[in-house]
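A short write-up of the structure that comes next.
Values in this text are rule-based calculations from the coordinates and carry no lab data. Only a predicted model underlies this, so the values are computations on that prediction, with no experimental measurement involved. Backbone-built Cβ (ideal geometry, glycine too); neighbour counts: all protein chains shown.
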């Protein structure tokens, strides 16, 4: 997956490079070639990124048993009131207040 991520980033950089080559003083044909190459590399990077995201979701599924938990809480606050809804909150380890 790291290789897929690296390749995706290289394709994004290449797409930006091709897009940067499109200059107003270039011939129309040259502008079209650069635009097409920029679009092709951007599309390839988007497909790779989609594959990477799918792989990450596949790896995550066994960790949580394929289940998602959604908690819905209804909180009512009167006029001028304030409401704060939070689950169980514990301090992060290794930090102290004021850091």
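Overview of values
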quantity: Net lengthening on full extension, residue 39/residue 61 (0.36 nm per residue, minus Cα-Cα); calculated: 4.6 nm
quantity: Listed candidates [x] 61; [y] 44; [z] 22 - label of the one calculated as percent of Cα pairs over 24 Å apart; calculated: [x]
quantity: Structure-based [θ]222 nm, the chain - -39500 (n - 2.57) summed over DSSP H runs of at least 4, per residue, nearest 500; calculated: -20500 deg cm²/dmol
quantity: Inter-label distance, nm, simple model (7 Å from Cα along the C-beta direction), residue 4/residue 21; calculated: 2.9
